[in-house]
Amino acid sequence: MTVDPRSVATEAVSKVPEVLFGFWVIKIAATTLGETGGDWVTMTLDLGYLVGTGIFAAIFIGLVGAQIRATRFHPFLYWGTIVATTTLGTTLADFADRSLGIGYPGGVAIVFALLGASLAIWYWIEGTISIQSVVTRRVEWFYWCTILFSQTLGTALGDWFADTDRGGLGMGYEYGTIIFAIALAIVAAAYFWTSMSRTLLFWTAFILTRPLGATLADFLDKPVAAGGLNLSRLIASLVLLGFIVACILLIPQRPARRDQDNVAA
């Protein structure tokens, strides 16, 4: 029995949501939750970065496996997997930067190299890194590994810009949030008013939303003396989780169209 490749492609792409405004709202909230949730497990519960990484790695692998085995787009499954990448990215970056003593510049360099390698191998094998190419299980693994590296890079970038120790630039969480928000605004302007590659702009925006969420989360839960609001990590995480659930329920969640790459990625 033969299988029509077009039906397989349509099925696989249907598990990736349309990249519209609502996508970015939920994405930023998910990245913020990843930072507060990851810090709650590793710092508030005092489990440490290594144990926290192990916990979130198991959750990440389980959810990615469920996402890949799924036969259609499930909004809660997809966004649950995104949140898993943000929490794992948080603990991975913190473990490398702090526990291993690499420091923020070293951590950024290593994760940037891993992200570049993931994208390069994906492009080398498939000839594209667009979301429209997510049509097989192999490409789905590329997709989720790339997302994980981008989330980890975003955490390292956010901490590097905001913190004063471990080689940080010491700009503070407020200024860090503003800087990354401006960078995203520039990407948005390039999307609306230039003919730059939509694929390039998508991945750039995807990476930049992570440090924006990381610095925003740090601003919420870090001590006042460190430039934060000193809010409870657990309370902040629960509020963010409720917001994400509300967005998924209220904002239309449709699978990406076959021409989505030409529209938003």
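Just a yes or no: is a residue in segment 199-222 modelled with pLDDT under 90 and more than 19 Å from the chain's Cα centre (by Cα)?
Within segment 199-222, one or more residues are modelled with pLDDT under 90 and more than 19 Å from the chain's Cα centre (by Cα).
Using beta carbons and a limit of 8 Å, which pairs, at least six apart or on different chains, have the first residue in segment 71-88 and closer than 14 Å to Gln253 by Cα and the second one basic (Lys, Arg)?
Going by the 8 Å Cβ cut-off, the qualifying pairs are Arg72/Lys15; Phe73/Lys15; Phe73/Arg254; His74/Lys15; Tyr78/Lys15.
Determine whether Tyr173 is more than 21 Å from Leu114 (Cβ to Cβ), of a type in the set (Phe, Trp, Tyr), surrounded by 17 or more Cβ atoms within 10 Å (Cβ to Cβ) and in contact with a helix residue (DSSP H, G or I) (Cβ under 9 Å, 6 or more places away or on another chain).
yes
Restricting segment 237-246 to residues that are surrounded by 18 or more Cβ atoms within 10 Å (Cβ to Cβ) and hydrophobic (A, V, I, L, M, F, W, C), which is farthest from Thr87 (Cα to Cα)?
Here the answer is Ile244.
Answer with yes or no whether Leu92 is aliphatic (A, V, I, L, M) and closer than 25 Å to Leu47 by Cα.
Answer is yes for this residue.
I'd like to check something: does segment 117-128 contain any residue that is among the charged types (D, E, K, R), under 30 Å from Leu240 (Cα atoms) and more than 18 Å from the chain's Cα centre (by Cα)?
Checking segment 117-128: not a single residue is among the charged types (D, E, K, R), under 30 Å from Leu240 (Cα atoms) and more than 18 Å from the chain's Cα centre (by Cα).
Could you check segment 83-128 and list, in sequence order, the residues that are buried (at least 24 other Cβ atoms within 10 Å of the Cβ), closer than 16 Å to Asp163 by Cβ and not β-branched (Val, Ile, Thr)?
Ala93, Asp94, Asp97, Tyr104, Gly107
Looking at segment 176-197, I want the residues that are modelled with pLDDT of 90 or more and have a partner that is loosely packed, with under 13 Cβ neighbours inside 10 Å and of a type in the set (Gly, Ala, Ser) with Cβ atoms under 7 Å, at least 6 apart or on another chain. Which pairs are those?
If the second residue must be loosely packed, with under 13 Cβ neighbours inside 10 Å and of a type in the set (Gly, Ala, Ser), no pairs are left.
Checking Leu45 against (1) under 25 Å from Ala236 (Cα atoms); (2) under 15 Å from the mean Cα position of the chain (by Cα); (3) among the hydrophobic types (A, V, I, L, M, F, W, C), only one condition comes out false. Which one?
(2)
Considering segment 154-187 alone, what residues qualify as being of a type in the set (Asp, Glu) and within 18 Å of the chain's Cα centre (by Cα)?
Of everything in segment 154-187, just one residue is of a type in the set (Asp, Glu) and within 18 Å of the chain's Cα centre (by Cα), namely Asp159.
Step by step: first the residues of segment 69-88, then only those that are of a type in the set (Gly, Ala, Ser) and within 16 Å of the chain's Cα centre (by Cα), then the one that is nearest to Gly38 (Cα to Cα). Which residue is that?
Ala84
Any residue in segment 140-158 that is among the hydrophobic types (A, V, I, L, M, F, W, C), modelled with pLDDT under 85 and surrounded by 19 or more Cβ atoms within 10 Å (Cβ to Cβ)?
yes
Out of Thr53, Thr31, I need the residue that is surrounded by 24 or more Cβ atoms within 10 Å (Cβ to Cβ), within 16 Å of Ala217 (Cβ to Cβ) and polar (S, T, N, Q). Which one?
Residue meeting the stated conditions: Thr31.
Exactly one of these conditions fails for Phe192: (1) surrounded by 15 or more Cβ atoms within 10 Å (Cβ to Cβ); (2) more than 25 Å from Leu240 (Cα to Cα). Give me its number.
With respect to (1) surrounded by 15 or more Cβ atoms within 10 Å (Cβ to Cβ); (2) more than 25 Å from Leu240 (Cα to Cα), Phe192 is out only on (1).
The values are calculated or read from the model by the stated rules, or taken from the named source; none is laboratory data. It should be emphasised that the depicted structure is a prediction, and the values quoted were computed from it without experimental measurement. Every residue, glycine among them, receives a Cβ derived from its backbone with ideal geometry; neighbour counts consider all protein chains shown.
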